[in-house]
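Student: Below are the structure tokens for one structure; questions will follow.
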Amino acid sequence: MALVLYNTLTGRKEPLVPVQAGRVGLYVCGPTVYDHSHIGHARAAVVFDVLVRHLTRRGYQVTYVRNFTDVDDKIIQRANENGEDCRTLAERHIQSYHDDMDALGNQRPDFEPRATEYIESMVRDIQAMIANGSAYPVDGDVYFDVTRPRQYGRLSGRNLEDMRAGARVEVDERKRSPFDFALWKESKPGEPAWPTPWGVPGRPGWHTECLAMSHDLLGAAFDIHGGGHDLVFPHHENEIAQADALGRPFARLWMHNGFVRVNQEKMSKSLGNFFTIRQVREKFHPEVIRLFLLTKQYRGPVDFSEEALLDNKKGLDKAYRSLREAAEFGPPADPGPETAELWETFQAALDDDLNTAKALGHLFEAVRELNRLLDEARSGKPDKDRIRSWAGFIRAMGAVFGFLEREDWGDVAEAEDGLSAEAVEDLIRQRNEARGSKNWAEADRIRNELKSQGVVLEDTAGKTTWRRVT
């Protein structure tokens, strides 16, 4: 099956046909770094990280670019509120973003350009648009004329005339159309500023930066441009308009992930209903958050709640518990022939527009099969080779998602439930001592205490093993 992805530009799934055979260029719009990132930002990062992992496993050489907007109205406003300079604020939140994304298990992109590194390129593009009549300077600002592109609105499916009829935008008499957008803004005293050929120092508008960065790092024609669904209009629409005005090709395929919602509303800083990644990490292990964000196909919404995260924690606990028990029969082995069909089904789900929800179902199907083999082993019929093979298979699927790779899950995650692995082992030791001295009442008390904590003991062949139940 060919790998197909939904193209927002055409409104349909399309086979991935790279500009250069065997290579994929991916550009994803990153954060504006004026605050800590929230779970909505995490979803975009995790989705495209899994895409890169899957493409790489399918044999593509991927060049992954994700930018930082480090000069912007929001950054300037927050820096002024804090009494600090914009560079210091931006640098702090870039580090915060890296800390969060590293914790979530995301691989760093190949390039992470910053807007302030591409000012000269943006100025050249703006000057070219002024020269060909696609943009016009007004009092130090420069605006893009949205009537100039032949098909403005084709990404979002909006019609300029219909937009005018239902317009609720603030009127700026300096603009030819209410929908013209700023390519460049004159800087106020004390704000970041760069010189310009049109004579007034200023800074780029938000919609200006990605064209310059993506074309420099990936070439004018590249394969995939990604970001959150909220970027379709106006941000990505305006990027396409600028590429058209400059006579350049642009991304072939446009991918947009759905929102993280709270009470059926988009999670966003403007609505004040957001949870930062740091806040959620205080209650849940990052792998739990990562799993939660992948439980729905990326284009649809995912509803945030503690209940949903708790359910995903239980799923990870079960998978890790099975892998830990399987390790008693030796290290994970290469997947065997009996896993081939399920592996193909798993791959097919990801090839079909990165359907992580369906692929996760196949992963947990493999966990159930491993548990069946472990049940047989507990009955005295261990098949060590098959147990090791299925454990290796689960690890391989987990690697595509970026989890099930920790060796210390029992110590780190299960300790969050209030009873660590060390505590369980210590209580088992005390119980064995009680049994050795024939203090059956104490042995039963310890067994019942563990059971009340969700830990079940099994005494077989003179050995006590344990597992957690939910």
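Student: Residue 380 fails exactly one of the following numbered conditions: (1) touching a helix residue (DSSP H, G or I) at 6+ places or on another chain (Cβ under 9 Å); (2) at pLDDT 85 or above. What is the number of that condition?
Tutor: Condition (1) is where residue 380 drops out.
Student: For segment 298-314, give me each residue that is charged (D, E, K, R) and either within 25 Å of residue 389 (Cβ to Cβ) or assigned to a helix (DSSP H, G or I) (or both). Steps first, answer last, please.
Tutor: Taking segment 298-314 as the starting set, the residues that turn out to be charged (D, E, K, R) are 299, 303, 306-307, 311, 313-314.
Across segment 298-314, the qualifying residues are 306, 307, 311, 313, 314.
Student: Another one. Among the residues of segment 74-87, is there at least one that is part of a loop (DSSP other than H, G, I, E, B) and closer than 19 Å to residue 38 by Cβ?
Tutor: Just the residues of segment 74-87 that are part of a loop (DSSP other than H, G, I, E, B), to begin with: 83-85.
Narrowing further to those that are closer than 19 Å to residue 38 by Cβ: none.
No, segment 74-87 contains no residue that is part of a loop (DSSP other than H, G, I, E, B) and closer than 19 Å to residue 38 by Cβ.
Student: If you go through segment 424-446, how many residues are under 21 Å from residue 324 (Cα atoms) and either surrounded by 15 or more Cβ atoms within 10 Å (Cβ to Cβ) or among the basic types (Lys, Arg) (or both)? Working first, answer last.
Tutor: Taking segment 424-446 first, the residues under 21 Å from residue 324 (Cα atoms) are 424-429.
Add one more test, that the residue is either surrounded by 15 or more Cβ atoms within 10 Å (Cβ to Cβ) or among the basic types (Lys, Arg) (or both), and what stays is 424, 427-429.
The qualifying residues number 4.
Every residue, every condition in (1) aliphatic (A, V, I, L, M); (2) under 15 Å from the mean Cα position of the chain (by Cα); (3) not assigned by TED's automatic domain parsing to the domain that holds residue 191, yes or no:
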{"position": "72", "(1), (2), (3)": "no, no, no"}
{"position": "78", "(1), (2), (3)": "no, no, no"}
{"position": "83", "(1), (2), (3)": "no, no, no"}
{"position": "86", "(1), (2), (3)": "no, no, no"}
{"position": "90", "(1), (2), (3)": "yes, no, no"}
{"position": "94", "(1), (2), (3)": "yes, no, no"}
{"position": "106", "(1), (2), (3)": "no, yes, no"}
{"position": "114", "(1), (2), (3)": "no, no, no"}
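Student: What is the one condition in (1) at pLDDT 95 or above; (2) more than 23 Å from residue 148 (Cβ to Cβ); (3) in a loop (DSSP other than H, G, I, E, B) that residue 221 does not satisfy?
Tutor: With respect to (1) at pLDDT 95 or above; (2) more than 23 Å from residue 148 (Cβ to Cβ); (3) in a loop (DSSP other than H, G, I, E, B), residue 221 is out only on (2).
Student: Six or more apart or on different chains, Cβ under 7 Å: which pairs go from a residue in segment 78-91 that's touching a residue at least 12 places away in the same chain (Cβ under 8 Å) and closer than 14 Å to residue 193 by Cβ to one that's of a type in the set (Asp, Glu) and assigned to a helix (DSSP H, G or I)? Could you list them?
Tutor: none
Student: Let me spell it out: the conditions are (1) in contact (Cβ under 8 Å) with a residue 60 or more places away in the chain; (2) assigned to a strand (DSSP E or B); (3) more than 18 Å from the chain's Cα centre (by Cα), and residue 136 meets all of them except one. Which number is the exception?
Tutor: Going through the list (1) in contact (Cβ under 8 Å) with a residue 60 or more places away in the chain; (2) assigned to a strand (DSSP E or B); (3) more than 18 Å from the chain's Cα centre (by Cα), residue 136 breaks only (1).
Student: Sticking with this one: Among all residue pairs at least 6 apart or on different chains, which show Cβ distances below 6 Å where the first residue, located in segment 95-114, is closer than 12 Å to residue 287 by Cα and the second is of a type in the set (Asp, Glu) and at pLDDT 95 or above?
Tutor: 106/49
Student: Ok, one more. For residues in segment 266-288 being within 19 Å of residue 227 (Cα to Cα) and aliphatic (A, V, I, L, M), which is nearest to the chain's Cα centre (by Cα)?
Tutor: So in segment 266-288, the residues within 19 Å of residue 227 (Cα to Cα) come out as 266-270, 274, 276-277.
The next check asks that each one be aliphatic (A, V, I, L, M); those that pass are 267, 277.
Working: 267: 15, 277: 12 Å.
Only one residue fits best here, namely 277.
Student: Among the candidates 309, 374, 360, single out the residue that is more than 23 Å from residue 44 (Cβ to Cβ), surrounded by 15 or more Cβ atoms within 10 Å (Cβ to Cβ), not small (Gly, Ala, Ser) and not assigned by TED's automatic domain parsing to the domain that holds residue 15. Spell out how you get there, then give the answer.
Tutor: On the way: 309 fails: more than 23 Å from residue 44 (Cβ to Cβ); 360 fails: more than 23 Å from residue 44 (Cβ to Cβ).
Criteria check complete, one pass: 374.
Student: From 261, 278, grab the single residue that is among the basic types (Lys, Arg) and outside any helix (DSSP H, G or I). I'd like the intermediate steps shown before the answer.
Tutor: Values: 278 fails: outside any helix (DSSP H, G or I).
Only one candidate qualifies: 261.
Student: If I ask for residues that are assigned to a loop (DSSP other than H, G, I, E, B) and acidic (Asp, Glu), which ones from segment 180-194 would you list? Break it down into steps so the answer makes sense when it comes.
Tutor: If we filter segment 180-194 for residues that are assigned to a loop (DSSP other than H, G, I, E, B), which is where we start, we get 180, 187-193.
Hits for segment 180-194 are 180, 191.
Student: Given 222, 250, 284, 275, which one is among the aromatic types (Phe, Trp, Tyr), more than 24 Å from residue 181 (Cα to Cα) and in contact with an Asp or Glu (Cβ under 9 Å, 6 or more places away or on another chain)?
Tutor: Numbers: 222 fails: in contact with an Asp or Glu (Cβ under 9 Å, 6 or more places away or on another chain); 250 fails: more than 24 Å from residue 181 (Cα to Cα); 275 fails: in contact with an Asp or Glu (Cβ under 9 Å, 6 or more places away or on another chain).
When all the criteria are applied, what remains is 284.
Student: What residue, among those in segment 39-59 that are closer than 16 Å to residue 231 by Cα and touching a strand residue (DSSP E or B) at 6+ places or on another chain (Cβ under 7 Å), is modelled with the lowest pLDDT?
Tutor: Within segment 39-59, the subset closer than 16 Å to residue 231 by Cα is 40-45, 47-48.
From the residues that got through so far, the ones that are touching a strand residue (DSSP E or B) at 6+ places or on another chain (Cβ under 7 Å) too are 40, 43-44, 47-48.
On the way: 40: 92, 43: 97, 44: 97, 47: 98, 48: 98.
My answer is 40.
Student: Give segment 423-441 a look and list any residue that's modelled with pLDDT of 80 or more and either touching a Leu at 6+ places or on another chain (Cβ under 6 Å) or of a type in the set (A, V, I, L, M, F, W, C) (or both), or say none.
Tutor: Result: 424, 427, 428, 434, 440, 441.
Student: Name the one entry in 26, 51, 89 that is touching a Gly at 6+ places or on another chain (Cβ under 7 Å) and of a type in the set (A, V, I, L, M, F, W, C). If you could, list the steps in order and put the result at the bottom.
Tutor: Working: 51 fails: touching a Gly at 6+ places or on another chain (Cβ under 7 Å); 89 fails: touching a Gly at 6+ places or on another chain (Cβ under 7 Å).
Only one candidate passes the filter, namely 26.
Student: Take residue 345 and tell me if it is under 15 Å from the mean Cα position of the chain (by Cα) and in the same structural domain as residue 394 (by TED's automatic domain parsing).
Tutor: Values: under 15 Å from the mean Cα position of the chain (by Cα): no; in the same structural domain as residue 394 (by TED's automatic domain parsing): yes.
Taking the combined requirement at face value, the residue does not satisfy it.
Student: Please indicate, with yes or no, whether at least one residue in segment 336-351 is crowded, with 19+ Cβ neighbours inside 10 Å and touching a strand residue (DSSP E or B) at 6+ places or on another chain (Cβ under 9 Å).
Tutor: yes
The values are calculated or read from the model by the stated rules, or taken from the named source; none is laboratory data. From a predicted model like this one, the values you see are computed outputs, not experimental measurements. FYI the Cβ positions are ideal-geometry reconstructions off the backbone, even for glycines, and counts take in every protein chain you see.
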